[in-house]
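Structure, as structure tokens:
Just so it is clear, none of the values below were taken in a lab; they were calculated from the coordinates. Remember, it's a predicted structure, so these values are computed and weren't measured experimentally. Ideal geometry is used to build each Cβ from the backbone, glycine not excepted, and the neighbour counts take in all protein chains shown.
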Amino acid sequence: MLHPDRLLPSEPGVRSIARRLYESVAALPIVSPHGHTDPRWYAENEPFPNPAALFVTPDHYLFRMLYSQGVPLEALGIPRRDGGGGSVETDPRKVWRLFARHYYLFRGTPSRMWFDHALEQVFGIEERLSERNADALYDRIEAALRRPEFRPRALFERFNIEAIATTESPLDPLKHHARIRDSGWGGRVVTAFRPDPVVDPEFPGFTENLDKLGEITGEDTGSWEGYLAALANRRAYFKSFGATSTDHGHPSAATADLPRDEARALFAAVRRGTASSADAELFRAQMLTEMARMSLDDGLVMQIHPGSLRNHNGVIEERFGRDMGADIPMGTEYTKALRPLLRRFGNETALTIILFTLDETSYSRELAPLAGHYPALRLGPSWWFYDSPEGMRRFREMTTETAGFYNTVGFNDDTRAFLSIPARHDMARRIDCGFLARLVAEHRLDEDEAQEVAHDLAYRLVKQAYKL
Amino acid sequence: MLHPDRLLPSEPGVRSIARRLYESVAALPIVSPHGHTDPRWYAENEPFPNPAALFVTPDHYLFRMLYSQGVPLEALGIPRRDGGGGSVETDPRKVWRLFARHYYLFRGTPSRMWFDHALEQVFGIEERLSERNADALYDRIEAALRRPEFRPRALFERFNIEAIATTESPLDPLKHHARIRDSGWGGRVVTAFRPDPVVDPEFPGFTENLDKLGEITGEDTGSWEGYLAALANRRAYFKSFGATSTDHGHPSAATADLPRDEARALFAAVRRGTASSADAELFRAQMLTEMARMSLDDGLVMQIHPGSLRNHNGVIEERFGRDMGADIPMGTEYTKALRPLLRRFGNETALTIILFTLDETSYSRELAPLAGHYPALRLGPSWWFYDSPEGMRRFREMTTETAGFYNTVGFNDDTRAFLSIPARHDMARRIDCGFLARLVAEHRLDEDEAQEVAHDLAYRLVKQAYKL
Amino acid sequence: MLHPDRLLPSEPGVRSIARRLYESVAALPIVSPHGHTDPRWYAENEPFPNPAALFVTPDHYLFRMLYSQGVPLEALGIPRRDGGGGSVETDPRKVWRLFARHYYLFRGTPSRMWFDHALEQVFGIEERLSERNADALYDRIEAALRRPEFRPRALFERFNIEAIATTESPLDPLKHHARIRDSGWGGRVVTAFRPDPVVDPEFPGFTENLDKLGEITGEDTGSWEGYLAALANRRAYFKSFGATSTDHGHPSAATADLPRDEARALFAAVRRGTASSADAELFRAQMLTEMARMSLDDGLVMQIHPGSLRNHNGVIEERFGRDMGADIPMGTEYTKALRPLLRRFGNETALTIILFTLDETSYSRELAPLAGHYPALRLGPSWWFYDSPEGMRRFREMTTETAGFYNTVGFNDDTRAFLSIPARHDMARRIDCGFLARLVAEHRLDEDEAQEVAHDLAYRLVKQAYKL
């Protein structure tokens, strides 16, 4: 099912160059510096329960497509948090069959390629999923999942993961990470510091979150200074569990650099819960600059992931909660938005800020020019909806000429779908090698250089940028 | 003149796949669910008058290009509505010669390919138009037009049109459609409900239009409730003439879902003619939601075509009127704009809203993520300036990975140039097959699947989405 | 080092067409209608001092990339205007070595291709720059620079430059141009009128600039009428030194067409220095329309280059001054912004306004539709960060289908890097020929037509549009 030349350019001359490049990087270890796998898997090392729970129910890339074509989420076994609606399907085999019947919807999408890759590489299944073979494939996968070599740690090793980062809230006690650390298992699983719940005044439960942050750290999160100290405290705690990075998922890329008095007054307003929406935006903006300052102190690499309107579908949020495939990108401005932060810290060579976008128009217009100038800036890979062959190709075509390859940081899988990790990294390597092969074929780069760049993009740059 | 492999990818391996795909869909009937051909043609079935009146004078794609290079519209035989200016050319042969002399301007444009296609496929002319052969070609075309097989209905049949939609104002009595229906002719020509003249307070004659709407329907269009009832009444009338869709050409994609009292008050202001520009925008926004509600009732598919600044050139509008090639696209936001409507109706599986854009940046950033989630949404094909090889290719490259193929609805020709219809549909089929062939050649899709998708894109999806 | 087929499409069939097209235009003279070379070079005809001063220190394309990767500007020999910081490197050989050590950073960028082209074509060096050969290459280049055939005028002739424009402020006495004119040398070097220092109220020294403008011209620049007369006076002066164009580098594309009283009052405010930022924007907007009016009088072609946020990095500006690689593009709107000017002058066939952009999203959405309609408008080539293979390719793909080739104006190198001029023009010819070859290979254009278009894009259109 998986052709050895898949995703490489079709022109035979370019393909043969691409194949040589790819062969030199295909077997490199996976470094996954940003993602959302569940640390419990590595901590407890329990078997994945069944094919539907492994592939379908937790993967919003999959169920959003089915939902868009009229399949109710309940029929996919997704529980309603409001208890209402029709009955939720509890038979995973029926969920699987429903997925199989609609598998044609994924034609042309990366989800299709990731799924096929996992079927073949993980389970040795070499046929395309269909309504016809749904039950047979279910049985094979379910049987495999009971075997020890399909438990999380065994797969982690089989996937040749050198290091993986999960993402946690500052309020998380990191008990799974502690258990992994204490287990003696050699897999490197680190956390990443995602402070949105305590720096975004519009995050659900913000006030309570700050109370809790105070309790955990023993700092007075009623004052601006105490709040900042509490954050620094938790950053140190995360570092002790291997964290090398922070991550910031704001609606926009706005930054601010307020005088201390104004910042303090703004904090007082958001702490009281009296902040307007504009205040909340300004506070988030100020916090990016505060986080950059702390990064300069403690060395954590800073990631900024702006531009998603979360929970766009209010009906789905009420019924099923957050992260249900209804986050929709918005146009995102960077040139003016980042200026306050960059004025303060952009010239620091000891700081690394990695920028992501859901607005591809910013690649060539704003992000590549910014990263091609400021020492503190690097460009994260094409993200989320753009973690795809065409998305990756556009990323290279639109950033390389201005920012070069060396202001980028390799690949992030950014996934909670564990079995898609090897497929995603493999896709990125293939697309990057295809892009490099075109440059070689058009005599814009020599092949020995392309070989070096391919290795850098697949392995070296991510380790360097994320200090892994 | 027309190469059998035109528009297919040039790499021989990909081309041979594309050719196989194309051959399987080339002869499928044309379903044209959205367009602007004149129903009078099919009703009266009179000969087209002459080559200039057939090809040049009514086609703003053509005369805008000539105008941009200094050719006065008067010289192309386009009458001034203000009676001023130099004398208008009345000899169609001279208009044709002028067009021929400037035909080189269309190099690299779709107009060029559509025109060549019509010359060869309709008139059997296999030479490129030039100043040299202008008269000879004029004579051949003019002679052909006098023959019965070049009358509208004969061409309709020869073009293998299974169904075509025209577009009419709610104030239109649909007399041509009535005549077609009563004629016993088997061609399927349906209308589409385009309410801009009665839902856009900034449409010329809005107040009089509402008066007239009241007269036609017997409803009191002085009240909000009467106005809505009048619209529902006309929708039913259009349905009785085969309409399966509505169409909305607003400046932006703004939608609103006002409480009834506010909607009523807003209507009162626009009805009185005292509405501000912001009120007008809000009223249009509210009306999209009202129209969606009516669509849920009566089953008409809803099309939203936003983002054109109409009549950008005030001088041209004053002299020649509307639709003179001076409509210019604007950046168009969808994520926030559509939220009120989608909150209300986005989860309805019985509703179909087809979104179009003139802002290609919205394809991957907003439209594909929206259509890849909401059951009520589908994506219309690349439109107007993007009804072109590169435009269609970008549409597939930027929407497929997130929305798949099955949240799109096949092709629309959207044209008033009757002879370009087969050329446009053929172009779309070729480009789609070329895109699919690349996926096959890169082992991202199997050829049997691509074959099925090609058929769906050329024929099945449009019939399904538009209920034709 | 330079492959004869570099930058041509890799597919053999397309490449062979592209090669034929390219061969027919490769040797055409260079017409460079917009650039920033120093007229002093041609006036004094002194040798370039050394390899670092020739290639590295003045080229912000190069040093911005090195700076982005942590190389201090001081280490590249760039002087600090504030006198602070570490010592500035004064040994050009050390600067060259530093550049060589970081040369890998330019992989995939046009700077890399321009530099290689200059090494081989100008200096006969056929090896890639590296840390290893840095000294040897330095010696070879330095030795060459002492020879008469490497002086500016000799290179000008060797580069086959038919005409080149420099860019000067209205306050510039044009003494270098006078010296060139009086020297009897046959090279055609013309100036271009860049009035930003006297039409942009936010330009450093604006008030003093206006005083000086008054002195130079003998007009009263304290009054609106006197100010306009002074500008007309300087335009005439520039014309007497061969200028055929003006150039306008505003932050946005905003235009205005104020009643005379309002314009006069606005001028009074900006003249007094009491104008707000919004006033300044409105004044720039008004001045574009005034300049268009003067262009209609004196025949100077008008260029509008909007969309750069100049001197984004305040720290760098304070330390090193302007034009230090820290100008960052912004999203730029044209459809509404240009309307006031176009309402007034857009239908003038005797006027040429050439639009540029740093926002590629405007190509297909706004610029091509505008230029494909208004007789006064033409599209400038892909600019600055987009003067690159992918940038040029996207320009053609996104503008041709709507505006055609004949609403574009050939290539601009826009450079202060003299030795990159032949490389840049060669790149543009190759990319255009590759684009045309694809159209031919896909049977969208005949090869005889493509040949004609290739010639037009390389030579004829630029001469015609810029009246050179």
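Taking the Cα centroid of region A:373-410 and of region B:1-77, what is the distance between the two, rounded to the nearest whole Å? A separation of 39 Å, based on Cα centres. Plainly put, the tip 7 Å out from Cα toward Cβ on A:THR349 is 6.1, 6.1 nm from that tip on each other copy, the closest given first. Non-local lysine pairs in chain A, meaning eight or more places apart or on different chains, with alpha-carbon distances under 20 Å, amount to 5. With q set to 0.09, 0.17, 0.18 Å⁻¹, the log10 of I(q)/I(0) for region C:210-351, from the Debye formula over equal scatterers at the Cα positions, is -0.31, -1.12, -1.23. Amide H contacts under 5 Å for A:LEU377: A:ILE353, restricted to partners 5 or more places along the chain or on a different chain, H placed in the peptide plane at 1.01 Å from N.
Given bins 5 angstrom wide, list per bin the percent of all Cα-Cα distances in region A:49-149, short to long. In whole percents, the pair-distance histogram is 2, 13, 24, 26, 19, 10, 5, 1, 0. For region C:109-162, GluC sites (Glu not before Pro) meeting the loop criterion (DSSP other than H, G, I, E, B) and having at most 12 other Cβ atoms within 10 Å: C:GLU126. The phi torsions of region C:382-399, fed into the Karplus equation with coefficients 6.51, -1.76 and 1.60 and a -60° offset, translate into couplings of 4, 10, 6, 5, 9, 7, 7, x, 5, x, 5, 4, 4, 4, 5, 5, 9, 10 Hz, rounded to whole numbers, with Gly and Pro shown as x.
Apply the Kirkwood formula to the protein assembly as shown: the hydrodynamic radius equals the inverse of the mean of 1/r over all pairs of different alpha-carbon atoms; give it in Å with one decimal.
One over the average 1/r among Cα pairs gives 33.7 Å for the protein assembly as shown.
Where does chain A land at 222 nm, in deg cm²/dmol rounded to the nearest 500, when only DSSP H runs of n ≥ 4 count, each adding -39500 (n - 2.57), divided by all residues?
-14000 deg cm²/dmol, from helical runs alone.
If you model region C:19-62 as an ellipsoid using its alpha carbon gyration tensor, with each semi-axis the square root of five times an eigenvalue, the axes come out at 28, 15, 11 Å, biggest first.
Overall dimensions of region C:229-288, expressed as equivalent-ellipsoid semi-axes from the Cα gyration tensor (√(5λ), whole Å, largest first), are 24, 14, 11.
Measuring gaps between exposed loop sites in chain C (trypsin sites (Lys or Arg not before Pro); DSSP loop; at most 13 other Cβ atoms within 10 Å), the longest gap, sites not included, is C:147-321. Region A:416-461 and region C:439-468 have Cα centres separated by 36 Å. In the assembly of identical copies, B:LYS94 has its label point, taken 7 Å from Cα in the direction of the beta carbon, separated from the corresponding points by 7.8, 7.8 nm (ascending, one decimal). Global dimensions of chain B from alpha-carbon coordinates: Rg and Dmax equal 22.5, 67 Å. Working value for region C:120-216: equivalent-ellipsoid semi-axes of 38, 20, 11 Å, each the square root of 5 times a Cα gyration tensor eigenvalue, largest first. Among beta bridges identified by DSSP and lying wholly in chain C, the antiparallel ones come to about 10 percent. Seen through its C-alpha gyration tensor, with square-root eigenvalues sorted a ≥ b ≥ c, region C:276-406 comes out oblate because a/c lies at 1.5 or above while a/b is not bigger than b/c. Volume of the convex hull of region B:144-287 (Cα atoms only), normalised per residue: 138 Å³. Reducing region A:223-300 and region C:97-127 to their Cα centroids gives an inter-centroid distance of 44 Å.
Shape of region B:310-387 from its Cα gyration tensor (a ≥ b ≥ c, root eigenvalues): rounded if a/c is under 1.5, otherwise prolate when a/b > b/c, or oblate? Prolate, because a/c is 1.5 or more and a/b exceeds b/c. The relative contact order of chain C comes to 20 percent, based on Cα pairs under 8 Å that sit 6 or more residues apart. For region A:1-118, the Kirkwood radius over C-alpha pairs fed into Stokes-Einstein at 25 °C and 0.890 mPa s yields D = 142 µm² per second. With its label point put 7 Å out from Cα toward Cβ, A:GLU157 sits 7.6, 7.6 nm from the same residue's point in the other copies, in order from shortest. All C-alpha to C-alpha distances of region C:164-224, sorted into 5 Å bins beginning at zero, yield P(r) values of 4, 17, 23, 20, 14, 11, 8, 3, 0 percent in whole numbers.
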